[in-house]
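Below is one structure, written out as structure tokens, with a few remarks after it.
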Amino acid sequence: MNAEDSLKLARRFIGLPLEKRQMFLAALQKEGVDFSQFPIPAGVEAEDRQALSHAQQRMWFLWHLDPQSGAYNLPAAVRLSGRLNQAALEQAFASLIERHETLRTVFQQQSDDSLLQVSVQQPLDIERIDLSALPPAERESRVAEAAGQQSLIPFDLAQGPLLRVRLLKLDEQEHVLLLTLHHIVSDGWSMNVLIDEFCRFYDAHDQGQTPDFAPLPIQYSDYALWQRRWLGAGEQQKQLDYWLAKLGDEHPVMELPLDHPRPVLPSCRGRRHEQVVDAVLAEQLRGVARQHGVTLFMLLLGTFNILLHRYTGQNDLRIGVPIANRNRREIEGLIGFFVNTQVLRVQLDGQTRLGDLLHDLKETALGAQAHQDLPFERLVEALKLERSLSYNPLFQVMYNHQPEVADVTTLKVGTGLELSVIEWESRSTQFDLSLDTYEKGGQLHAAFTYASDLFEPDSIERLARHWTFLLRSIVNDPQQRVGEIPLLATDEYQQLIADWGRNDGVWPSERPVHELFETAAEKTPVRPR
């Protein structure tokens with residue numbers, strides 16, 4: 001079947017009523033045809049064309065619960081060094097908004113309570129702040145403050161805009177660009193698309209040229225319509241059955257040792273602790289992964305599970321893992337909310353060997369990949385979990401690995417304009433703890449993001465040290481059992497086992513305790529409180 005015939009069939013499928021869509025898919029399956037690989041058609045007219053995708057519906061629901069929360073803001077801060085053409089910058093963002101439907105979309109509830117994606121035409125208002133008159137140290141302090149605050153300012157999903165841009169001027173040759181989008185119209189992959197296309201648009205407008213971009217094959221609303229049709233015709237139930245069997249009936253909350261009681265209503269404020277994994281250790285870890293026939297992602301996920309098991313004492317762990325969900329050519333270059341979340345269940349105890357854990361994790365990860373299309377929100381609904389505003393349903397800890405992160409410093413913009421990313425510790429988070437590992441510039445990086453309501457920085461820094469020591473331990477002996485893998489360096493072990501319990505006081509052993517007490521009372525009859 002050629003591409004044109006496949007596209008015609010896809011268009012026909014979307015226009016059919018539900019019963020006929022199911023019969024249509026059943027007929028294709030008998031012929032050995034996988035409809036999921038059919039192209040996504042553009043511009044198909046349907047009554048529900050502007051309805052939300054499953055992921056957008058859940059994001060709107062979460063926003064509606066707490067419209068003042070910034071938990072689902074996606075911020076980025078980029079330093080621009082060199083000559084900046086502000087007119088070209090404005091034109092670049094205008095071109096981006098024209099190219100991507102999601103950047104001009106708002107979400108409105110209709111009189112019948114249905115939700116629709118509504119395209120609005122509103123010019124982007126770039127907020128400009130001039131800091132050039134301040135001393136250099138104060139300028140940088142204001143930049144850090146503004147970068148940290150941008151993730152906390154709420155969006156109005158019904159009114160928009162859902163893209164905010166602030167330009168901070170430090171001097172004539174240096175600016176900082178702050179970008180924030182709401183998650184309902186974007187994800188991590190989309191942020192990379194946005195920055196890459198912004199650079200290309202800026203370059204063209206700076207040189208007075210017409211940007212040369214191939215037209216996008218579809219828009220996000222085309223994908224949302226196709227997804228609803230395909231999942232609704234039976235694929236959703238098939239994948240749901242897999243996940244229900246995989247996760248079982250019990251869904252324990254991760255019981256990490258907290259520094260503070262869990263609040264009823266979390267603030268979603270978080271902090272980030274970053275580190276670089278030693279290059280030699282990173283290469284050794286890749287070797288251990290090859291030895292066990294797993295990917296680096298699977299190995300690092302396994303070490304994170306071991307760490308959480310040792311910290312909590314729990315044998316049945318559930319960790320959220322985001323998946324890009326960009327397994328189709330038509331959506332690779334779109335800005336939109338495609339990322340899905342999977343819940344990977346791992347069972348282990350102190351007697352589990354590393355090799356057995358990695359074998360089970362490999363099967364779990366491959367099974368999850370084969371059933372990656374079920375929207376997370378559909379799984380939550382099907383499980384009928386008791387809802388709590390104080391913690392995330394199904395899992396409270398997230399792990400994400402990116403094999404290669406784009407380095408914006410390699411992007412060439414305009415005539416001599418250099419880009420660099422600004423990192424900051426404070427940010428928003430909807431999870432208790434997240435570990436992000438990523439490879440950038442040939443180095444393996446790790447970042448722990450944690451809820452400030454629950455943890456103090458010292459606790460997470462210690463946890464990060466224990467994870468690093470765990471990595472070194474499995475490299476030294478990949479055959480160890482989980483309960484035998486050391487987490488503590490020699491000095492920390494000595495402090496815990498010996499120093500903290502040490503008491504050098506000498507007491508007269510020939511006198512009974514009550515006499516010692518009387519002597520102490522006579523010496524200090526009144527001790528101030």
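The values are calculated or read from the model by the stated rules, or taken from the named source; none is laboratory data. Fair warning: this is a prediction, and the values are worked out from it, not measured in the lab. All Cβ positions, even for glycine, are placed from backbone atoms using ideal geometry, and neighbour counts span all protein chains on display.
All conditions in (1) free of Cβ contacts under 8 Å to residues at least 60 places away in the same chain; (2) of a type outside the set (A, V, I, L, M); (3) under 23 Å from residue 177 (Cβ atoms) hold for residue 91, with the sole exception of (1). Note on the range 423-442: among residues that are at pLDDT below 90 and within 16 Å of residue 267 (Cβ to Cβ), the one that is surrounded by the fewest Cβ atoms within 10 Å (Cβ to Cβ) is 425.
The set of residues in the range 305-314 that are buried (at least 22 other Cβ atoms within 10 Å of the Cβ), farther than 14 Å from residue 258 by Cα, in contact (Cβ under 8 Å) with a residue 60 or more places away in the chain and not β-branched (Val, Ile, Thr) contains only 309. Scanning the range 1-19 for residues that are of a type outside the set (Lys, Arg) and in contact (Cβ under 8 Å) with a residue 12 or more places away in the chain returns 1, 3, 6, 7, 9, 10, 13, 14, 15, 18.
Taking the criterion of being among the polar types (S, T, N, Q) and within 20 Å of the chain's Cα centre (by Cα), the residues of the range 298-344 that qualify are 303, 305, 325, 327, 340, 341, 342. In the condition set (1) surrounded by 16 or more Cβ atoms within 10 Å (Cβ to Cβ); (2) small (Gly, Ala, Ser); (3) assigned to a helix (DSSP H, G or I), residue 160 is compliant with all but (3). Residue 124: at pLDDT 90 or above, part of a loop (DSSP other than H, G, I, E, B), within 24 Å of residue 106 (Cα to Cα) and in contact with a strand residue (DSSP E or B) (Cβ under 6 Å, 6 or more places away or on another chain), yes or no? Considered against the rule, which asks whether it is at pLDDT 90 or above, part of a loop (DSSP other than H, G, I, E, B), within 24 Å of residue 106 (Cα to Cα) and in contact with a strand residue (DSSP E or B) (Cβ under 6 Å, 6 or more places away or on another chain), residue 124 comes out as no.
The number of residues in the range 194-222 that are touching a Leu at 6+ places or on another chain (Cβ under 7 Å) and either of a type in the set (Phe, Trp, Tyr) or over 14 Å from residue 89 (Cα atoms) (or both) comes to 5. In the set 24, 93, only one residue is among the aromatic types (Phe, Trp, Tyr) and either in contact with a His (Cβ under 9 Å, 6 or more places away or on another chain) or over 30 Å from residue 166 (Cβ atoms) (or both); that residue is 24.
Residue count for the range 114-136 satisfying the condition of being closer than 24 Å to residue 66 by Cβ and surrounded by 15 or more Cβ atoms within 10 Å (Cβ to Cβ): 3.
Name the residues in the range 211-257 that are touching a strand residue (DSSP E or B) at 6+ places or on another chain (Cβ under 9 Å), buried (at least 16 other Cβ atoms within 10 Å of the Cβ) and in a helix (DSSP H, G or I), would you? Matches in the range 211-257: 220, 221, 224, 243, 247. Scanning the range 304-315 for residues that are in contact with a Pro (Cβ under 9 Å, 6 or more places away or on another chain) and either part of a strand (DSSP E or B) or farther than 30 Å from residue 373 by Cβ (or both) gives 311, 312. Could you please let me know if residue 286 is assigned by TED's automatic domain parsing to the domain that holds residue 431 and touching a helix residue (DSSP H, G or I) at 6+ places or on another chain (Cβ under 9 Å)? Yes: the conditions hold for residue 286. Taken over the range 274-294, the criterion of being buried (at least 17 other Cβ atoms within 10 Å of the Cβ) and either under 24 Å from the mean Cα position of the chain (by Cα) or among the aromatic types (Phe, Trp, Tyr) (or both) is satisfied by 277, 282, 285, 289, 294.
Scanning the range 137-157 for residues that are over 22 Å from the mean Cα position of the chain (by Cα) and exposed (fewer than 15 other Cβ atoms within 10 Å of the Cβ) yields a count of 4. Any chance the range 508-520 includes a residue that's within 54 Å of the chain's Cα centre (by Cα) and either surrounded by 10 or more Cβ atoms within 10 Å (Cβ to Cβ) or modelled with pLDDT under 75 (or both)? Checked the range 508-520: no residue is within 54 Å of the chain's Cα centre (by Cα) and either surrounded by 10 or more Cβ atoms within 10 Å (Cβ to Cβ) or modelled with pLDDT under 75 (or both). Check 274, 283 and return the single one that is part of a strand (DSSP E or B) and modelled with pLDDT of 90 or more. It is 274. Mind checking which residues of the range 159-189 are small (Gly, Ala, Ser) and modelled with pLDDT of 95 or more? Passing the criteria: only 186. Tell me, please, whether a residue that is β-branched (Val, Ile, Thr) and either assigned by TED's automatic domain parsing to the domain that holds residue 195 or more than 23 Å from residue 372 (Cα to Cα) (or both) can be found in the range 39-48. Yes. Inside the range 201-233, residues that are farther than 22 Å from residue 53 by Cβ and charged (D, E, K, R) make up a count of 3. All of (1) more than 20 Å from residue 150 (Cα to Cα); (2) at pLDDT 95 or above hold for residue 103 with one exception: (1).
The C-beta contact set for the range 118-131 (first residue in contact (Cβ under 8 Å) with a residue 40 or more places away in the chain and closer than 22 Å to residue 184 by Cα, second residue surrounded by 12 or more Cβ atoms within 10 Å (Cβ to Cβ) and of a type in the set (Ser, Thr, Tyr), distance under 7 angstrom, 6+ apart or interchain) comprises 118/105. Here residue 389 qualifies as of a type in the set (A, V, I, L, M) and at pLDDT below 85.
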